[in-house]
Amino acid sequence: MKSRTFTFLLTALLIGTAAVTPLQASAQVNVNINIGAEPPPPRYERVPPPRKGYVWAPGYWNWNGHRHVWTSGHWERVRAGYVYQNANWYQDGRGWHLNKGHWKKDKHAKHHRDHRNDRHGHGKGYHCPPGQAKKGHC
C-alpha cells in the first residue's frame, strides 16, 4: 500500500513539474530575427475604419526560417500609458533585422489625453501608410 501511495505522489509531482516548467521557460524567450535576405516591399492593406479602444497594427513581412511570409494587419487593444510600435525591418552591417510589433511605454503620455484613437498625435484613427514609417514620415 505504501509503495502504491509513493508511486502516485511521485507521478503527481512529475506531472505537476512538467506542466509548470514550459511556462517558466517560455516567459523568458526573446526572439531576434537576423537574416541576409531583404524583405519584399510592403503589401497594400485596406485599413478598416477606426475601432474605439483599439489601434491598427499594419501587416508586415515575417520570416518563417526559410522565406518571407506576409502577416496580415490586426487590431491591438489600447494599453493606457503605452504606444504601439509597428513591426519594421532595418539593415545594418550584419544583415536585415525584424523588430516585431510591440507596446512601448509612452514617455510623453499625459494623464488627460485619450490614447484610444490617437496614434502618435496624428488624430483620430490615424494609420501610417505602408513603407512611410521606415522613411521616417510617421
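Rule-based calculations on the coordinates, nothing more; no lab input. These numbers come from a predicted model, not from an experiment. Please note: Cβ atoms are built from the backbone with ideal geometry, for glycine as well, and neighbour counts cover all protein chains shown.
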Which loop trypsin sites (Lys or Arg not before Pro) in segment 55-87, with loop taken from DSSP, have no more than 11 other Cβ atoms within 10 angstrom of their Cβ?
Arg67
Would you mind computing, in nm to one decimal, how far apart the modelled labels at Trp63 and Trp103 are, each placed 7 Å from Cα along Cα→Cβ?
2.7 nm
Cα→Cβ-extended label distance, 7 Å offset, between Ile35 and Tyr82, nm
2.6 nm
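Could you calculate the contour length gain from Trp75 to Arg46, that is, 0.36 nm times the residue separation minus the distance between their Cα atoms, to one decimal place in nm?
Working: separation 29, 0.36 × 29 = 10.44 nm, distance 1.30 nm.
Gain on extension, Trp75 to Arg46, equals 9.1 nm.
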